[in-house]
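Some notes on the structure that comes next.
The values are calculated or read from the model by the stated rules, or taken from the named source; none is laboratory data. Everything numeric here is computed off the predicted structure, so don't read it as measured data. So basically every Cβ, Gly included, is an ideal-geometry build from the backbone, and we count neighbours across all protein chains shown.
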């Protein structure tokens, strides 16, 4: 019988204070999340100082809740995994400092985890049969990457955004049409009421790197459209703007992903990151994978947004490879995927 390795995971990279207990990288015993969304809504986005202070206030409570939900104590865990980058430096430091203190006090191994590696690993929690190699589209507020997952913990970034990330573009356009923060879910909901073909917004293609992404142009096109309507005194159908903008972004993400899958001869394609919960993207990717004969994997929405269960999954595979972090582990806000 396979030995059960229990990982206590901590995630504080942005505005979610999260802790979870994960067994063998695949089974969630608990997944406790305190979201600060309501706190930051009045500011139109995440305020780093406020986020850090709230993490300090909530971190112990969230960890206690995760252990209680799992029905275990700190003595029962085999290792402690924590996100140490990328993210907001103050927010990351709260999780890293807490994890180091707990690891020292309980004499448990400490494993530092890359936040994006966590997002990719969320798929392991949803699909027990999924194993590398596979291609993963990571789309979030800060990242738009195409990642070739060669093996557990072994990644090659084959495409990235040259400017705005997809989630960043969603937030900026949502703000421009008066939807507020967070923009992604609000655009997704409003777009269902609009015509995705009502307005044509450009799809950028970078000549020297055709798989890379660029979303600043589409954001500018939406702003120009809104300004033009205002100057002409024409009414703006916000649902049509949301649907047309969303279709343009989804088209680019889907087309580039499937081109990469074809070039790399990958028959397993996965989604990860906050934008992976977008209903239009999931639908378009599902159809594109079916047409290209690829298996398609995507996490439940709760595992797309920031959570600690995904860090527990990634942490397990790092732990199994013998990765151990020292008590000098520090927050690295601009950590690149593949760096240690």
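List of remarks:
- The requirement of being under 16 Å from the mean Cα position of the chain (by Cα) and in the same structural domain as residue 251 (by TED's automatic domain parsing) is not satisfied by residue 313.
- Checking 29, 92 one by one, the residue that is within 22 Å of residue 337 (Cα to Cα) and not assigned by TED's automatic domain parsing to the domain that holds residue 273 is 92 and no other.
- Restricting attention to the range 173-203, the residues that are over 17 Å from residue 243 (Cβ atoms) and either surrounded by 19 or more Cβ atoms within 10 Å (Cβ to Cβ) or touching a strand residue (DSSP E or B) at 6+ places or on another chain (Cβ under 8 Å) (or both) add up to 1.
- Which listed residue is assigned to a loop (DSSP other than H, G, I, E, B) and more than 20 Å from the chain's Cα centre (by Cα), from 69, 3: 3
- When residue 314 is tested against (1) under 18 Å from residue 15 (Cα atoms); (2) at pLDDT 95 or above, just one condition goes unmet, and that condition is (1).
- Selection status of residue 50, in contact with a strand residue (DSSP E or B) (Cβ under 9 Å, 6 or more places away or on another chain) and assigned by TED's automatic domain parsing to the domain that holds residue 310: no
- When residues of the range 118-151 are limited to those that are surrounded by 24 or more Cβ atoms within 10 Å (Cβ to Cβ) and in a helix (DSSP H, G or I), the one nearest to the chain's Cα centre (by Cα): 119
- Test: residue in the range 74-90 that is in contact with a strand residue (DSSP E or B) (Cβ under 8 Å, 6 or more places away or on another chain), surrounded by fewer than 19 Cβ atoms within 10 Å (Cβ to Cβ) and not in a loop (DSSP other than H, G, I, E, B): yes
- Of the residues making up the range 189-202, those that are more than 20 Å from residue 228 (Cα to Cα) and in contact with a helix residue (DSSP H, G or I) (Cβ under 6 Å, 6 or more places away or on another chain) are 190, 191, 193.
- Among the residues of the range 42-67, those that are within 16 Å of residue 32 (Cβ to Cβ) and touching a residue at least 24 places away in the same chain (Cβ under 8 Å) comprise 54, 55, 58, 59, 60, 61, 62, 63, 65, 66, 67.
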